[in-house]
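Nothing in this text is a laboratory measurement; each read-out follows from the coordinates by a stated rule. Being a predicted model, the structure only gives us computed values, none of them experimental. When we count neighbours, we look across all protein chains shown, and the Cβ atoms used for this are built from the backbone with ideal geometry, even at glycine.
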Amino acid sequence: MKELNALSGLADQILGIPDEEFVPCREGRQVITKSEVRAIALSQLGLHHNSTLWDIGSGTGSVAIEAAHISHNGQVFAIEDDSRSLQALEQNCQRFRAANVTIVAQRAPGAFMTLPDPDAIFIGGSGGELAQILASSMERLRPDGHIVINLASLEHLTEAMHILQREQWITACTLVSIARSKELLDLTRFAALNPVFVVTARRPLVVRDETEL
């Protein structure tokens, strides 16, 4: 009974769901956007209660689920084509009562064709198609929307920034480097997590020519 009550409490939690509470997607290996990084990414997406979000490379669905809790009257499309990840994604959506998450079991960017234009886009995985995914995302994003990209390598960061800056999008990048406390016998040490680049982008501001007024 205590376990059921605890799970019910987690299902009602909006943000900060512990990483270990998500069903893992790969034979017990927890491939997930860590909770601290997830909080930063979500804060940059500019979500409101009725936002439409694309979560590209959704994996276990941690970002999609917390975004769905924020945009409780909106829609979240969790795009994922890995069969093992899809099983975990479906279980986690049920586990955390994310009824407004629609799972799109297709590969990006082809999956975008049938989806409504989004207010925000999160790219957590690209499957080697970062340039194509980002270009298509930039075309479909609604005015005043935000794209947030989580990247683990300098090469992918350079690629993404080149594409965004070439189109004169307004960009910012945050390097998130986190260490968590860990018990060692009767002592406490800190274990570092892999650093992540969080790139935020939005369309360039449109400046009207005064001669048109």
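Quick notes on this structure:
- Taking every alpha-carbon pair under 8 Å whose residues sit at least 6 apart, segment 66-111 reaches a relative contact order of 49 percent.
- The modelled label-to-label distance between Ile178 and Gln94, using points 7 Å beyond Cα along the C-beta direction, is 2.8 nm.
- Relative contact order %, the chain, counting alpha carbon pairs below 8 Å whose residues are six or more apart: 17 percent
- Across segment 24-137, C-alpha contacts under 8 Å between residues 6 or more apart give a mean separation that, scaled by the residue count, equals a relative contact order of 30 percent.
- From least to most packed, judged by other beta carbons within 10 angstrom and beginning with the fewest, Glu20, Glu36 follow the order Glu20, Glu36.
- If you plug the beta carbon distance of Asp19 and Leu154 into 1/(1 + (r/R0)^6) with R0 = 22 Å, you get a FRET efficiency near 0.30.
- Spin-label proximity, Arg142 to segment 35-64 - amide N less than 20 Å from point 7 Å beyond Cα toward beta carbon: 42-56, 64
- Paramagnetic reach from Ala131 in segment 152-171 [backbone N under 19 Å; point 7 Å along Cα→Cβ]: 152-169
- 10 Å-binned pair-distance histogram of the chain (Cα, whole percent): 8, 33, 35, 16, 6, 2, 0, 0
- The chain - mean residue ellipticity at 222 nm from DSSP helices (-39,500 (n - 2.57) per run, n ≥ 4, rounded to 500): -9500 deg cm²/dmol
- Label zone at Thr114, where the point sits 7 Å out along the Cα-to-Cβ direction: segment 54-78 residues whose backbone N lies under 19 Å: 54-59, 75-78
- Remark: Asp82, Asp119 ranked as Asp82, Asp119, counting other beta-carbon atoms within 10 Å and listing the fewest first.
- Residues Glu155, Glu66, sorted so that the one with the fewest Cβ neighbours within 10 Å comes first: Glu155, Glu66
- Residue among Ile121, Ile79, Ile178 with the largest mean-square fluctuation in a Gaussian network model of the chain, springs linking Cα atoms under 10 Å: Ile178
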